[in-house]
Structure formats: C-alpha cells, structure tokens
1. What distance in nm separates the two pseudo spin-label positions at Asn132 and Asp264, each 7 Å out from Cα along the beta-carbon direction?
2. Calculate one ³J(HN,Hα) per residue across region 73-84 by plugging θ = phi - 60° into the Karplus curve 6.51 cos²θ - 1.76 cosθ + 1.60, and present them in order as whole Hz with x for glycine and proline.
3. Looking at region 1-106, which GluC sites (Glu not before Pro) are DSSP coil and have at most 12 other C-beta atoms within 10 Å of their C-beta?
4. Can you give the calculated 222 nm mean residue ellipticity of the chain, where each DSSP H run of n ≥ 4 adds -39,500 (n - 2.57) and the sum is split over every residue, rounded to the nearest 500 deg cm²/dmol?
5. Search the structure for amide H atoms under 5 Å from the amide H of Ile64, placed 1.01 Å from N in the peptide plane, and list their residues when 5 or more places away or on another chain.
6. Could you sort out which of Lys7/Lys281; Lys56/Lys192; Lys205/Lys226 sit more than 29 Å apart by Cα distance in this structure?
7. Which residues' amide hydrogens lie under 5 Å from the amide hydrogen of Glu193, considering only partners 5 or more residues apart or on another chain, with H built in the peptide plane?
8. Enumerate the amide H contacts of Val267 below 5 Å, restricted to partners 5 or more residues apart or on another chain; note that Pro and chain-start residues carry no placed amide H.
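The values are calculated or read from the model by the stated rules, or taken from the named source; none is laboratory data. Computed from a prediction, not measured in an experiment: that's the story for all the values here. In this analysis, Cβ positions are derived from the backbone assuming ideal geometry, glycine residues included, and neighbour counts consider all displayed protein chains. Only protein heavy atoms, including side chains, enter the accessible area calculation; ligands, DNA and RNA are left aside. Shrake-Rupley method; radii C 1.70, N 1.55, O 1.52, S 1.80 Å.
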Amino acid sequence: MSIAERKDSHLTLCLTEAVELPSHDATGFAALRFEHDALPEVDLAEVRTEVELLGKRLAAPIVIGAMTGGTPRAGEMNRRLAVAAARCRVGFALGSQRRMLQDPTVRDTYAVREAAPDLPLLFGNLGAVQLNYGVGTPELRRLVEGVGCDAFNFHLNALQEAIQPEGDTRFAALLPKLRAVIPEMGVPVLLKEVGSGLSRRTAEKIRELPVAGVETGGVGGTSWSKVESLRAADPARRSLGELFARWGIPTSESIVACRGALGDRVVIASGGIRNEIEIAKALELDAPYR
Ligand SMILES: Cc1cc2nc3c(=O)[nH]c(=O)nc-3n(C[C@H](O)[C@H](O)[C@H](O)COP(=O)(O)O)c2cc1C
C-alpha cells in the first residue's frame, strides 16, 4: 500500500472503527476527582484561559493535534481544521509531512497558512525514525520552510511501526541524530508520542536533547496498535495489534512523568482527552510543578 493510500485508510479507520479505548478509564483521569469549592471567591467573568505557548498568544491552552496531510482528502481536512483553529485562536498541528519528501506537488495539502493566514501557531511533523531512512537537515528545513510552520513535532511511534505491515523499524541510534539536526531546523522542536505515552525514563532521555518540549500522546484514546491491527491481513499480526492495544503509559501518568523530568520545558497533554473536565485535570496534574 502506498503512503497516500495508508493516510486515507487511517482517516477512514479512525472515523468508522472502534479504535479508541474508553478514555474515562484508560487515561487514568477517572480516578482523579476535583475538590468542589462552594465558595470560590472569584467572579466567573474574571476567569481567563489565554496562554502563551512557544512565544505565541493563544485564546486557550489548546492545540488541534497532528493528524494528516498528503492526499486531497487530507488537505481538505487540514485546511478546514486550520481555519477553525485560526478563528478560535488556538494552535494547529499538521500530520506527518513524509509525503512532501517523496512528492513536492502535495505541498498544498499541508500549506494551511494560505487558507488560514491568522493561525497563531502551526506545527510541522515527521516521524523521528525517518532520520534512519535518509532524512537529514536539508530535508527537514525543506519541510519547515515549505509550510511556514512556527514549531516542529517529531513523532515517536515505535509500537505503531512494529505492528504496521510496512512499518519502518530501524529505531537504533536516533538520539545522536536528533541532537545533531534539531539545532539546525530554525524553529522550536517537540517530541511526541502518538498514543502509547512518554514514560519518565523516555522523558529523561529527551531532556538531554535541545528540544523545547514534548507532547505526551498517552494511552487512553486512539490506539495505533488497534488501527494497524485492523489494516493487517496476517491473522498473527492482527492478534498482536489487539494484544498491545492498551500498551503504554496512561496520559495522566505521562503528564506527571514528563513534567517531573523536563523542568520548565513545554509539556502538551494528549491521548484520550475528550472533554472540559479532562482538560482541567490535565492542567491540574501539571500545576504543582509550575
Ligand atoms: C487519523 C489520525 C492520524 C494521525 N496521524 C499522526 C501523524 O501523522 N503524526 C503524529 O505525530 N501523530 C498523528 N496522530 C496522533 C495524534 O496526534 C495523537 O497523538 C493521538 O491520536 C493520541 O491522541 P487521541 O487519543 O486524542 O487521538 C494521528 C491521529 C489520528 C486520529
């Protein structure tokens, strides 16, 4: 299957199949309860949600997460989401730009700035493992400059690649390559998981890199092991994907692990966050460290 076909099949599977874990239990948020204060002593109208993230002013601490690009359908999704993000003054992250490296004509499926010139914060994206498949500083700069992004996400998705029939699985020696390319990219760089979470040990390795921060991509929402198991024809691979569906660090734990390891660097919480209370719990888990 080509990368373009795979991108569209990911969109279809995520929209139509049961690829999500029940977020209320798997993220770990259900076990946490806010203490209600019947005497809050603050006017509701005085509550402010604006934040500064990577030097950009957002109306709320929200970034629409990295999903797609590289096909006409993906381009339409990117443009619509970017327009919505600009209108709400929140951030927006492109999905993997790998297709742009193979075929420069697909640039317009990622070039959301043209549709949403007021977008306050745009992230580019590529799998870190691609550094072991011929990608270096010139290619990365092309991706950043080709879309005019303000920051860049390298995704870490070892479990997904391992289950994916055509996965890229040469995961060795990525740390020195990341250390070399990150300072050359010209924009702040974050590392993110995609649904298996970042552990304390992983966050401590990341701390040694010149990154601006991380995105947790914790267990509790979309399971890429499940998605890839649905795509696999081989029954053994299908059952392996099911077996690993809940593998990883729940989002609530990953927030605490990342903040503990990364001091005052950026920690974006993601993975199964589906409502306002879960957003508030994610912020509160981080609060004791701020
Ligand atoms: C359809 C779809 C495609 C995705 N593609 C990418 C991608 O290309 N790059 C990336 O870093 N993350 C990708 N992700 C992962 C998300 O950014 C996020 O980390 C993950 O889905 C966990 O959050 P959730 O449980 O809220 O979905 C994708 C997610 C979805 C649903």
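1. 3.6
2. Result, rounded to whole Hz: 5, 5, x, 5, 4, 4, 5, 5, 5, 5, 5, 5.
3. Details: sites: Glu5, Glu17, Glu20, Glu35, Glu41, Glu46, Glu50, Glu52, Glu76; in loops: Glu17, Glu35, Glu41, Glu50.
The qualifying sites are Glu17, Glu35, Glu41, Glu50.
4. About -11000 deg cm²/dmol.
5. Placed amide hydrogens put Gly91, Phe92, Ala93 under 5 Å from Ile64.
6. Lys7/Lys281
7. Long-range HN contacts for Glu193: Leu156, Glu215, Gly217.
8. For Val267, whose amide H was placed from the backbone, the distant partners under 5 Å are Val214.
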